[in-house]
1. Within straight cross-link reach of Lys62, meaning Cα distance under 19 Å, which lysines are found once same-chain residues fewer than 8 apart are removed?
2. Please list the non-local residues whose amide H lies under 5 Å from the amide H of Ile8, H modeled 1.01 Å from N, same-chain partners needing a gap of 5 or more.
3. How large is the helix-only mean residue ellipticity at 222 nm for the chain, computed as the sum of -39500 (n - 2.57) over DSSP H runs with n ≥ 4, divided by its residue count, in deg cm²/dmol to the nearest 500?
4. Going by average Cβ neighbours within 10 Å, how do the peptides 94-103, 43-52 rank, with the highest at the top?
5. Using alpha carbons only, how many angstrom separate the centre of the range 11-80 from the centre of the range 329-352?
6. Kindly report the accessible area of the chain per residue (heavy atoms of protein chains, probe 1.4 Å, no ligands, DNA or RNA), in Å².
7. With +1 on the Cβ of every Lys and Arg and -1 on the Cβ of every Asp and Glu, and nothing else charged, how large is the dipole of the chain about its Cα centre, in debye rounded to the nearest 20?
8. Heavy atoms only, probe 1.4 Å: what % of the accessible area of the chain goes to carbon and sulfur, would you let me know?
Amino acid sequence: MGSSVVKIALSGYYGFDNSGDEAVLQSILFALQEQSKEQGIQIEPIVLSANPEKTAAMYGVKAYHRMKPGALLRALREADGLISGGGSLLQDATSSKTIPYYLAVLKLAQWLRKPTFIYSQGIGPVGRPMFFGWIRSVFQRCAYVSVRDTESADLLVRMRLPRERITVVPDPVMGLPLRANGAAVGAPSVGRTVGVSVRFWNEDRSELEALSRSLALLLAANPDVRLRFLPFHLPSDEVASQFVIDRLGDHGSRVEMARGVVHPQDMLAQVAACDLLIGMRLHSLIYAASQYVPMVGISYDPKIDQFLHRLGMKAAASTASFDADAFAEEAQRLLVDREQWAASSRAAIEELKAQAQLPAKRIVSFYKQKINK
């Protein structure tokens, strides 16, 4: 390559005001920066975003529009390689267009002879068998493939990608640090705080109705507890949060919502200030784990179960089966046993944090070797 400056394009679900995916981007940027300092080369990220102006301003990086063909092509031509990930990019549960888009970006980079890297992705669910061959074909040409759980690796093996080509690493957000001051924004100063992250899933809202009953039980049993709703995907999660709040009746004076929190580290600080986190959003649970905050998970997707499994935990409810009384009991148990949970989970969490740097280390090392040739 000849130059110690490496430009790397990043493809993911960026620029959509989803705190979890923004945290993925922020975590990858931090990891690349840290590894580039350690290995003595300079990385210049180029982010493919739905809102390039906002992304550029928030992270201090160059950004191009992810859906404008001309801008996308310019970004890939300018870059020395492409990182795809992290997050749940290759799944067809939410749309049949998701997998073709992210594979097309990878394929275009490969056509331009740019090295491509899969960065801690969660693969699946993939319900359309025709996508198996597409994913295998693109991944076989990648310089590095890492996934965030063994279930994703198993699915790639079912697609006939060789196991030895796949590295299992944690979600990159496990490595996201608090800001230097570490201060939480607007957190209550007295009593105990239970953070709540919800989203819409069931059409009849039955899971949110059940959660409302659980939260009412928790508040009734603990007069010093306040709920703080943490919307991760704006504006839809604010609406879902308000749906639950409206069903808490007389407890409304002990409930609040963190509105307009967009920057990942600001949301991380909100979670860090909690004594317990009740979450549907995957990254709300990952934030909690990274800050040693006990969590109660509500599963709407296998990725929730897969992450909790890495900590030796199970979801306390799912969108398909929600026992409000049992859920409240589990929340109460963790609220009381917070210190014990943190102590017993510390080793597993520390290991996940350390491993979160591995993809960035491998990618930066790849370019360092090319520069030194």
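The values are calculated or read from the model by the stated rules, or taken from the named source; none is laboratory data. Treat the numbers as computed from the prediction; the structure is a model and nothing was measured. FYI the Cβ positions are ideal-geometry reconstructions off the backbone, even for glycines, and counts take in every protein chain you see. Protein only, heavy atoms only, side chains kept; ligands, DNA and RNA dropped before computing areas. Shrake-Rupley method; radii C 1.70, N 1.55, O 1.52, S 1.80 Å.
1. Those lysines meeting the cut-off are Lys7, Lys54, Lys114.
2. Glu44, Ile46, Asp80
3. Roughly -14500 deg cm²/dmol at 222 nm, from the helical runs in the chain.
4. Most protected by this proxy first, the peptides run 43-52, 94-103.
5. Here the answer is 34 Å between Cα centres.
6. Each residue of the chain exposes 41 Å² on average to a 1.4 Å probe.
7. Roughly 2020 debye, rounded to the nearest 20.
8. The C+S portion of the solvent-accessible surface of the chain is 50 percent.
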